[in-house]
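The values are calculated or read from the model by the stated rules, or taken from the named source; none is laboratory data. Source: prediction; values computed, not measured. Cβ placement follows ideal geometry from the backbone for every residue including glycine, while neighbour counts extend to all protein chains displayed. These area figures cover heavy atoms from the full protein model, side chains too; ligands, DNA and RNA do not enter into them. Shrake-Rupley method; radii C 1.70, N 1.55, O 1.52, S 1.80 Å.
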Amino acid sequence: MSTKHHIPRVIGSRGKSSTDIERENFEKNQTVAINKAINNQETPVKEKHVRITILGTFTDNGAGMFWHIANRLPVQGNPIVCWKFCHVLHKILREGHPHSIVDSYKYCSHLNDLGKLWGHLREGYGKLIENYCRLLIQKLRFHKKNMEIPGNLKMSDDQFAKICGSDVNNYFEIAVDMLDYMDEILTLQQSVFSSLDMSRSNSMTSSGQCRLAPLILCIQDSCQLYDYIVKSLFRLHSSLPPDTLSGHRDRFVAAYKKLKQFYLSSSNLQYFKHLVQVPYLPDEPPNFLIASDFSKHVKPEAVVPEPEPENEPDTDSVADLIDTSEDKFDAAFGNGFGPPEPDERDMLIERLQRKIQFLKSEIERIKFEDQRIISAQREEIAKLEKILSELRLSADKALKENESTKKRLEEATANAGAVAKLAEAEKHAKANEEKFKKMKEIYNKLREEHVALIRKNADTTKKLEAEKRLVQEREQSIQESKSQMERLENERKVIQESLQQSADQVTSQLAEATAQNTELLNKRESVPTLASDQMHIQHLENQVKTLEETKSSLMSQLQGSEEECESLQARLEALEQDKHQSEESLQLQIKNTQDQLASLKDEMTTTEMRRKNEIDSLKSQLEDALSEKAAKEEQFKKEIEDLQSRLSQLDSDKEASEKRQREDLAQLHRDLIASAVKEGRQFINDAMQQVENPTHIPVKCTAEFLLLRAEPVLSALENLNTSQTEYSQNQTDLESLLKTITSFSHHMGDCVIHGIATSHSAQLEAAEELASACQTAGESGLEVLSSLEKGGSIKSEVEKSAEKIRQLIKLAEDLVPKMVDVKEKEIGDLLENEMHSTSSAIEQAAKKIEEMLHQTRKDMSGVELTVNESILDSCTGLMQAIKVLLVKSQDLQKEIVLQGRGTASVKEFYKKNHRWTEGLLSAAKAVGMGATSLL
């Protein structure tokens, strides 16, 4: 039955060639290795399975077989399988066949889809897989763009310079690509470390190791990238201006900080201790603006030790290996030769090689241990620096509080009149502090000297021990040489004895053979010769010759042994002489060292005694100073408490006073605003009352002048709104608000009164409409002032008032007379009359001001008289200036008319230049009205 079952297998294998069978075995081995490397167990990928997969890429000349098998894995259904798949793919891209990168590039879209798929999983491996897929895509694109760079990024400086060439743009682009690559590595490591739960998934658990294992590849890639980025940026800064490369520098500094933290975090992990030697970056990033700083650059190296061979047999192997051991070979084919004698030189070489390997491993272990100790010391230094910074901050804070307390004490003492006591106390405190500082400095100096002496003693002891150890080693080597000489001497004696015995035996045998020969010769002479006797004699002669040859060889061996013994004896004597000389020199050195040590001990003893006495005296002084300081501090404390109570009382009184002042200030602000509003309201009401004043009817004004007086009202309204808003936010700006209230009131009243005066010279219907508009504008101004007095927002009232003023301006524009309204023949007379009326109005105003000045001097005195006199003097000066202006303008007018009219008359000139005439007429009216308004 068993034969039946095996028949199809045999028949099926007969039709295949050896190449097909090897291919099947290769595919089977690759499938088993990849499935064992990429499984759903949350443990790191086994190195042996990854090695088989990487070797498969070299056999297959690419990663086609890997992708063929990996596409059947459940990477979209299990996150651990997908994570391990990314890890194995990263390993293949780094260490596999160069065609693996080309074969994998067409799967970028597949990796992108995997990253997007698992990116929706916010917990566990979701974000890790997304970031890892982005890193792999970036790596594939980088190598696709830079085909000359190998997958493990390792190349010489000449190769890198050859790849970039002499074009600066190539360095610029490759620096950007490497920075992008570095950013993806840093993003992945940050997400891995942030996903670790130190209470459950640390570096010593299988789940934590599963996440941390790919970071070894990231460390190896980042070391090469950091080196090439630094070299590229130095090359760029030597060819381009620094401003152009500011973006590169900023990106590099940011990546440098993250990479340094990445290396520091990785070096602290216990899992990485025996898997990778994490490098350290310098304390500060390289300064690319200084070209000489490139000489300080040291390339970081991530050392990954070779994996140790596994002692256990690989039970997972699917292929049977051929046993080529020597025993089975000899058993199968026989061994016709005897075992070769071992050569002592080969054994010595083998021993030395083993010793060298052991020393190398010991050196690596010591280096690794030193690196670990250095990293631990750096961590300790970082912790101490952090504590020191915190202590500095607390000291600064305490110093600031002390300074603020001193300031308050100074203020309180100034208020309380205790300046003399405080100055004396501070003087005592400063003297105590200086004394304490001096004693502290002396103590520190003594302590440093003591520590230096102890260190010197320790160094001397170490040297002495090293010299003693050297003497012991030399003595041991001499003892070994002696023992070896004794052993050789014994061997020589044994060999001589054996040779002597052999020679004696040979001599005796030779004598016996000679005797037998003689006897046989005698017999031969007496007996007829026989053939058998002749043969026997011939055999004996041959035996004698052999014995003689053996004797000569033994004698030569004996002579060689004696010569070797003589050479060994000479060598032993030389060693004895060297030993004697070494012992004498070492004894001398030991004696000198002991003398130095004794003198140092005596010196240290005397110094310690002296220092001890000084320290005792300083301690007593320090205790006295501390007790005195404690008494002073108690006294100061009482005084400070008294002063603080006074200070708190003064603070409460100050707060109450400030509160009263704020209330009084607020009331004063309200009173001032109310007073300004009241004055403004009175001014506007007075202007509005002129509508019904029959004595005001003769007062007339032009529409042009009304427009001049109405336009400032709009800006005054806007300024008033702005000032009120600012005052509501900051009540210190009261002056600006009062000025704007006064300005608005005067502008509004001026506009209203000139509008009423303009209505007197207009037609009846237009006059009534203009008077109504003036009344409405004045009422809107009063509403603005009322709203302002209440303290609310005046924005709506300001807009209403501005709208009323615009209506008034529109009516005034309609009343502006066109030159065709005035008869051409009357324009000259009108101008002359207006100039005369303006002159008469100014003269009347000046007379009235003089009368007011005389009346004021009679009725007032003191400050009021001074103020009113200054006001009236200013008005008088103004009237005088206006008179001079009128005279000058009349002269100028006559001059212009005489120069411009030619043969025409004055009226014809006015008629011809009606625009200039109109302006002059308007100016005359404005001057007259101004003089009247001033009164």
statement: Within the stretch 824-850, residues in a helix (DSSP H, G or I), modelled with pLDDT under 70 and touching a Lys or Arg at 6+ places or on another chain (Cβ under 7 Å) come out as 827, 828, 834
field: Residue that is surrounded by the most Cβ atoms within 10 Å (Cβ to Cβ) [pool: residues in the stretch 431-465 that are farther than 20 Å from residue 605 by Cβ and among the acidic types (Asp, Glu)]
entry: 433
field: Subset tally (residues that are at pLDDT below 85 and of a type in the set (D, E, K, R)) for the stretch 782-812
entry: 3
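Every residue in the stretch 579-607 that is over 13 Å from residue 471 (Cβ atoms) and either of a type outside the set (S, T, N, Q) or open to solvent by less than 50 Å² (accessible area, probe 1.4 Å) (or both), please. Don't jump to the end; show me each part of the working.
Pass one, the stretch 579-607, residues over 13 Å from residue 471 (Cβ atoms): 592, 594-607.
Correct list: 595, 597, 598, 600, 601, 602, 603, 604, 607.
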- line: By residue number, the members of the stretch 59-97 that are under 16 Å from residue 28 (Cα atoms) and in a helix (DSSP H, G or I) are 59, 60, 64, 65, 66, 67, 68, 69, 70
- request: Among the residues of the stretch 269-281, write down those that are surrounded by fewer than 18 Cβ atoms within 10 Å (Cβ to Cβ) and in a helix (DSSP H, G or I).
  value: 270
- prompt: Between residues in the stretch 82-93 that are closer than 14 Å to residue 51 by Cα and residues that are outside any helix (DSSP H, G or I), which pairs lie under 7 Å by C-beta distance while being six or more apart or on different chains?
  reply: 87/45; 87/213; 87/214; 88/38; 88/45; 90/214; 92/63; 93/151
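Being farther than 22 Å from residue 378 by Cβ and in contact with a helix residue (DSSP H, G or I) (Cβ under 8 Å, 6 or more places away or on another chain) is true for just one of 240, 269, 259. Which residue is that?
Details: 269 fails: farther than 22 Å from residue 378 by Cβ; 259 fails: farther than 22 Å from residue 378 by Cβ.
When all the criteria are applied, what remains is 240.
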query: Are any of the residues in the stretch 21-34 modelled with pLDDT of 90 or more and not in a helix (DSSP H, G or I)?
result: no
field: the stretch 608-648: number of residues that are more than 30 Å from residue 408 (Cα to Cα) and loosely packed, with under 11 Cβ neighbours inside 10 Å
entry: 5
field: Conditions (1) modelled with pLDDT of 90 or more; (2) open to solvent by less than 50 Å² (accessible area, probe 1.4 Å); number of the one not met by residue 266
entry: (1)
